[in-house]
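Novice: I have a structure here, written as C-alpha coordinates, and I will follow up with some questions on it.
The values are calculated or read from the model by the stated rules, or taken from the named source; none is laboratory data. Predicted, not measured: the structure shown is a model, and the values here were computed from it. With ideal geometry, Cβ positions are generated from the backbone for all residues, glycine too; neighbour counts draw on all protein chains shown. Ligands, DNA and RNA are stripped out before the accessible areas are found, and what is left, the full protein with its side chains, is counted by its heavy atoms. Shrake-Rupley method; radii C 1.70, N 1.55, O 1.52, S 1.80 Å.
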Amino acid sequence: MKFFLDTANLDQIKTAGEMGIIDGVTTNPSLMAKEGITGNENILEHYVNICRIVDGDVSAEVISTESEGMVEEGEKLASLHEQIVVKVPVIPEGIKAIKYLTKKGIRTNCTLIFNAGQALLAAKAGAAYVSPFIGRLDDIGQDGMELIHQIVHIFDIYGLETEIIAASIRNTNHILRCMEAGAHVATCPLDAITGLLNHPLTSAGLEKFLADHRKLNK
Ligand code: E4P
(Lines give C-alpha, C1' and ligand atoms only; values in the text may rest on other atoms or scores of the structure.)
Protein backbone atom coordinates (compact mmCIF):
# COMPACT_ATOMS: atom_id res chain seq x y z
CA MET A 1 0.00 0.00 0.00
CA LYS A 2 1.20 3.51 -0.83
CA PHE A 3 0.90 6.76 1.10
CA PHE A 4 0.39 10.03 -0.72
CA LEU A 5 0.46 13.32 1.15
CA ASP A 6 -2.68 15.38 0.53
CA THR A 7 -1.20 18.86 0.66
CA ALA A 8 0.49 21.63 -1.30
CA ASN A 9 2.63 22.58 1.70
CA LEU A 10 6.31 22.18 0.77
CA ASP A 11 7.54 21.95 4.39
CA GLN A 12 5.17 19.10 5.16
CA ILE A 13 6.20 17.30 1.97
CA LYS A 14 9.88 17.73 2.95
CA THR A 15 9.20 16.44 6.48
CA ALA A 16 7.38 13.35 5.22
CA GLY A 17 10.05 12.82 2.55
CA GLU A 18 12.81 12.89 5.19
CA MET A 19 10.94 10.25 7.18
CA GLY A 20 10.82 8.16 3.99
CA ILE A 21 7.11 7.53 4.31
CA ILE A 22 5.51 9.02 1.22
CA ASP A 23 5.11 7.72 -2.31
CA GLY A 24 3.50 10.79 -3.87
CA VAL A 25 1.42 13.91 -3.37
CA THR A 26 -2.12 14.95 -4.24
CA THR A 27 -3.20 18.56 -4.47
CA ASN A 28 -6.40 20.33 -5.38
CA PRO A 29 -7.32 23.99 -5.97
CA SER A 30 -8.42 24.40 -2.32
CA LEU A 31 -5.08 23.07 -1.04
CA MET A 32 -3.16 25.39 -3.40
CA ALA A 33 -5.26 28.36 -2.21
CA LYS A 34 -4.58 27.37 1.43
CA GLU A 35 -0.84 27.84 0.73
CA GLY A 36 -1.54 31.23 -0.88
CA ILE A 37 -0.43 30.03 -4.33
CA THR A 38 -2.26 32.15 -6.89
CA GLY A 39 -1.71 33.08 -10.53
CA ASN A 40 -1.24 30.55 -13.29
CA GLU A 41 2.55 30.80 -13.53
CA ASN A 42 3.02 30.53 -9.74
CA ILE A 43 0.72 27.53 -9.62
CA LEU A 44 2.67 25.75 -12.37
CA GLU A 45 5.97 26.58 -10.69
CA HIS A 46 4.65 25.23 -7.39
CA TYR A 47 3.83 21.89 -9.01
CA VAL A 48 7.39 21.66 -10.31
CA ASN A 49 8.73 22.47 -6.84
CA ILE A 50 6.62 19.69 -5.35
CA CYS A 51 7.93 17.25 -7.98
CA ARG A 52 11.51 18.19 -7.07
CA ILE A 53 11.07 17.19 -3.43
CA VAL A 54 8.94 14.08 -3.70
CA ASP A 55 9.88 10.84 -5.39
CA GLY A 56 6.54 9.74 -6.85
CA ASP A 57 3.35 10.82 -8.57
CA VAL A 58 2.06 14.35 -8.02
CA SER A 59 -1.60 15.00 -8.85
CA ALA A 60 -2.29 18.44 -10.32
CA GLU A 61 -5.93 19.34 -10.87
CA VAL A 62 -7.48 20.99 -13.92
CA ILE A 63 -9.97 23.80 -13.36
CA SER A 64 -11.78 23.71 -16.73
CA THR A 65 -15.19 22.09 -16.88
CA GLU A 66 -15.23 21.46 -20.66
CA SER A 67 -13.25 18.51 -22.01
CA GLU A 68 -11.35 20.69 -24.49
CA GLY A 69 -10.10 22.99 -21.74
CA MET A 70 -9.30 20.03 -19.49
CA VAL A 71 -7.23 18.43 -22.25
CA GLU A 72 -5.37 21.66 -22.95
CA GLU A 73 -4.64 22.16 -19.25
CA GLY A 74 -3.80 18.48 -18.80
CA GLU A 75 -1.26 18.51 -21.62
CA LYS A 76 0.39 21.60 -20.17
CA LEU A 77 0.49 20.14 -16.65
CA ALA A 78 1.87 16.81 -17.89
CA SER A 79 4.60 18.61 -19.84
CA LEU A 80 5.85 20.25 -16.62
CA HIS A 81 7.30 17.07 -15.14
CA GLU A 82 7.14 13.32 -15.71
CA GLN A 83 5.77 12.81 -12.18
CA ILE A 84 2.65 14.86 -12.86
CA VAL A 85 -0.67 13.02 -12.95
CA VAL A 86 -3.56 15.12 -14.25
CA LYS A 87 -6.46 15.27 -11.81
CA VAL A 88 -9.84 15.48 -13.53
CA PRO A 89 -13.32 15.69 -11.93
CA VAL A 90 -15.75 12.83 -12.56
CA ILE A 91 -18.23 14.69 -14.76
CA PRO A 92 -19.17 13.64 -18.31
CA GLU A 93 -16.72 16.15 -19.81
CA GLY A 94 -14.06 14.86 -17.44
CA ILE A 95 -14.57 11.25 -18.56
CA LYS A 96 -14.14 12.41 -22.18
CA ALA A 97 -10.94 14.22 -21.24
CA ILE A 98 -9.61 11.16 -19.36
CA LYS A 99 -10.20 8.97 -22.41
CA TYR A 100 -8.36 11.44 -24.64
CA LEU A 101 -5.45 12.07 -22.26
CA THR A 102 -5.03 8.33 -21.64
CA LYS A 103 -4.79 7.70 -25.41
CA LYS A 104 -2.03 10.31 -25.53
CA GLY A 105 -0.14 8.49 -22.76
CA ILE A 106 -0.96 11.07 -20.07
CA ARG A 107 -1.89 9.57 -16.70
CA THR A 108 -4.98 10.83 -14.90
CA ASN A 109 -6.47 10.75 -11.41
CA CYS A 110 -10.26 10.96 -11.51
CA THR A 111 -11.41 12.95 -8.49
CA LEU A 112 -14.57 13.79 -6.52
CA ILE A 113 -15.80 10.19 -6.63
CA PHE A 114 -18.73 9.46 -4.32
CA ASN A 115 -20.18 6.27 -5.79
CA ALA A 116 -18.93 3.07 -7.40
CA GLY A 117 -20.55 3.84 -10.76
CA GLN A 118 -18.40 6.95 -11.10
CA ALA A 119 -15.28 4.91 -10.28
CA LEU A 120 -16.24 2.27 -12.83
CA LEU A 121 -16.69 4.76 -15.69
CA ALA A 122 -13.44 6.53 -14.81
CA ALA A 123 -11.61 3.20 -14.89
CA LYS A 124 -13.26 2.28 -18.18
CA ALA A 125 -12.08 5.59 -19.67
CA GLY A 126 -8.53 4.62 -18.65
CA ALA A 127 -7.86 6.63 -15.48
CA ALA A 128 -4.63 5.57 -13.76
CA TYR A 129 -6.23 6.40 -10.42
CA VAL A 130 -9.70 7.00 -8.99
CA SER A 131 -10.14 9.05 -5.81
CA PRO A 132 -13.20 8.19 -3.72
CA PHE A 133 -13.66 10.77 -0.92
CA ILE A 134 -14.46 8.89 2.25
CA GLY A 135 -14.38 11.72 4.81
CA ARG A 136 -16.87 13.86 2.91
CA LEU A 137 -19.29 10.90 2.73
CA ASP A 138 -18.92 10.35 6.48
CA ASP A 139 -19.59 14.08 6.94
CA ILE A 140 -23.07 13.68 5.41
CA GLY A 141 -23.89 10.56 7.41
CA GLN A 142 -22.95 7.95 4.78
CA ASP A 143 -20.32 5.24 5.21
CA GLY A 144 -17.23 6.26 3.22
CA MET A 145 -15.47 2.97 3.96
CA GLU A 146 -18.33 1.02 2.45
CA LEU A 147 -17.57 2.77 -0.86
CA ILE A 148 -13.91 1.73 -0.72
CA HIS A 149 -14.93 -1.90 -0.14
CA GLN A 150 -17.38 -1.77 -3.04
CA ILE A 151 -14.88 -0.28 -5.51
CA VAL A 152 -12.12 -2.71 -4.47
CA HIS A 153 -14.54 -5.60 -4.96
CA ILE A 154 -15.72 -4.48 -8.42
CA PHE A 155 -12.20 -3.69 -9.66
CA ASP A 156 -11.02 -7.11 -8.42
CA ILE A 157 -13.81 -8.97 -10.22
CA TYR A 158 -12.94 -7.37 -13.57
CA GLY A 159 -9.17 -7.18 -13.05
CA LEU A 160 -9.17 -3.41 -13.61
CA GLU A 161 -5.70 -1.89 -13.38
CA THR A 162 -6.86 1.52 -12.17
CA GLU A 163 -5.50 2.16 -8.68
CA ILE A 164 -7.83 3.25 -5.91
CA ILE A 165 -6.72 6.27 -3.89
CA ALA A 166 -8.70 6.52 -0.67
CA ALA A 167 -9.06 10.30 -0.36
CA SER A 168 -10.57 12.79 2.06
CA ILE A 169 -9.02 10.88 4.93
CA ARG A 170 -9.60 12.42 8.33
CA ASN A 171 -7.78 10.18 10.81
CA THR A 172 -5.52 7.19 11.41
CA ASN A 173 -8.47 4.84 11.75
CA HIS A 174 -9.53 5.72 8.20
CA ILE A 175 -6.03 4.77 7.00
CA LEU A 176 -6.02 1.38 8.71
CA ARG A 177 -9.52 0.57 7.51
CA CYS A 178 -8.54 1.51 3.93
CA MET A 179 -5.58 -0.89 4.19
CA GLU A 180 -7.89 -3.65 5.38
CA ALA A 181 -10.23 -2.92 2.48
CA GLY A 182 -7.41 -3.18 -0.06
CA ALA A 183 -7.16 0.41 -1.35
CA HIS A 184 -3.91 0.78 -3.31
CA VAL A 185 -3.16 4.26 -1.94
CA ALA A 186 -4.27 6.45 0.96
CA THR A 187 -3.83 10.17 0.44
CA CYS A 188 -3.69 11.82 3.82
CA PRO A 189 -2.85 14.93 5.79
CA LEU A 190 0.58 14.57 7.45
CA ASP A 191 -0.83 14.37 10.99
CA ALA A 192 -3.04 11.39 10.05
CA ILE A 193 0.04 9.50 8.82
CA THR A 194 2.32 10.40 11.74
CA GLY A 195 -0.61 9.64 14.06
CA LEU A 196 -0.09 5.98 13.16
CA LEU A 197 3.04 6.11 15.33
CA ASN A 198 1.24 7.30 18.46
CA HIS A 199 0.56 4.97 21.35
CA PRO A 200 0.57 5.95 25.03
CA LEU A 201 2.43 2.75 25.98
CA THR A 202 5.20 3.62 23.49
CA SER A 203 5.65 7.08 25.06
CA ALA A 204 5.45 5.73 28.63
CA GLY A 205 7.80 2.83 27.79
CA LEU A 206 10.40 5.12 26.26
CA GLU A 207 10.22 7.52 29.21
CA LYS A 208 10.85 4.63 31.63
CA PHE A 209 13.77 3.22 29.57
CA LEU A 210 15.44 6.65 29.50
CA ALA A 211 14.80 7.30 33.22
CA ASP A 212 16.34 3.91 34.14
CA HIS A 213 19.34 4.64 31.93
CA ARG A 214 19.81 8.07 33.56
CA LYS A 215 19.68 6.56 37.09
CA LEU A 216 22.70 4.33 36.40
CA ASN A 217 24.63 6.70 34.17
CA LYS A 218 24.82 9.96 36.17
C1 E4P B 1 -8.02 14.18 -2.82
O2 E4P B 1 -7.25 14.07 -3.76
C3 E4P B 1 -8.47 15.46 -2.25
O4 E4P B 1 -7.43 16.40 -2.42
C5 E4P B 1 -8.70 15.40 -0.75
O6 E4P B 1 -8.45 14.13 -0.22
C7 E4P B 1 -9.95 16.06 -0.31
O8 E4P B 1 -10.03 15.96 1.09
P9 E4P B 1 -10.97 16.86 1.99
O10 E4P B 1 -12.32 16.27 2.00
O11 E4P B 1 -10.33 16.81 3.34
O12 E4P B 1 -10.94 18.24 1.38
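Novice: Taking the radius of gyration and the Kirkwood hydrodynamic radius from Cα positions alone, what is the Rg/Rh ratio for the chain, to two decimal places? Can you show the working numbers first?
Specialist: Values: Rg = 19.2 Å, Rh = 18.2 Å.
Rounded to two decimals, Rg/Rh equals 1.06.
Novice: Sort the following peptides by mean Cβ neighbour count (other Cβ atoms within 10 Å, averaged over residues), highest first: 75-81, 177-183. Walk me through the numbers before you get to the answer.
Specialist: On the way: 75-81: 16.3, 177-183: 18.7.
So the peptides 75-81, 177-183, ranked by packing, come out 177-183, 75-81.
Novice: With each label point set 7 Å from Cα along the Cα-Cβ vector, what nm distance links ALA33 and SER79?
Specialist: 2.8
Novice: For a quick protection proxy, order the peptides 110-118, 42-50 by their average other-Cβ count within 10 Å, most packed first. Can you show the working numbers first?
Specialist: On the way: 110-118: 20.4, 42-50: 17.2.
Peptide ranking by packing, descending: 110-118, 42-50.
Novice: Let me ask you something else. If each residue of separation counts as 0.36 nm, what is the full-extension length gain between LYS218 and LYS2 once their alpha-carbon separation is subtracted? Working shown, then result.
Specialist: Values: separation 216, 0.36 × 216 = 77.76 nm, distance 4.44 nm.
Here the segment from LYS218 to LYS2 would lengthen by 73.3 nm.
Novice: Based on DSSP H runs of at least 4 residues, each adding -39500 (n - 2.57), what is the mean residue ellipticity at 222 nm of the chain after dividing by all its residues, to the nearest 500 deg cm²/dmol? Don't skip to the end; give the middle numbers.
Specialist: Details: 11 runs with 119 residues, N = 218.
My calculation for the chain gives -16500 deg cm²/dmol from helical runs alone.
Novice: OK, next. Can you list, largest first and rounded to whole Å, the semi-axes you get for region 121-209 by taking the square root of 5 times each eigenvalue of its Cα gyration tensor?
Specialist: 31, 14, 11
Novice: Please give the Cα centre distance for region 152-185 versus region 70-104, rounded to the nearest Å.
Specialist: 22
Novice: Here's another thing I want to ask about it. Heavy atoms only, probe 1.4 Å: what % of the accessible area of region 45-133 goes to carbon and sulfur, would you let me know?
Specialist: Numbers: 2100 of 3930 Å².
It is 53 percent, rounded to a whole number.
Novice: Related question: Would you please give the FRET efficiency between THR102 and LEU196, computed as 1/(1 + (r/R0)^6) with r the Cβ-Cβ distance and R0 = 22 Å, to the nearest 0.05? List each step's numbers first, then the result.
Specialist: Numbers: r = 34 Å, r/R0 = 1.53.
That gives a FRET efficiency of 0.05.
Novice: Peptides 140-147, 90-97: what's the order by average Cβ count within 10 Å, highest mean first?
Specialist: Values: 140-147: 14.9, 90-97: 19.9.
Ranking the peptides 140-147, 90-97 by packing returns 90-97, 140-147.
Novice: Select from LEU101, LEU196, LEU137 the residue whose mean-square fluctuation is largest in a Gaussian network model of the chain (Cα-Cα springs shorter than 10 Å).
Specialist: Evaluated over the chain, the most mobile residue of the options is LEU196.
Novice: Another question, if that's okay. Springs between alpha-carbon atoms under 10 Å, Gaussian network over the chain: tell me which of VAL185, VAL152, VAL25 tops the mean-square fluctuations.
Specialist: VAL152
Novice: Compute a Gaussian network model of the chain, connecting alpha carbons closer than 10 Å, and tell me which residue from ALA192, ALA166, ALA122 fluctuates the most.
Specialist: In this elastic network of the chain, the residue with the biggest mean-square fluctuation among ALA192, ALA166, ALA122 is ALA192.
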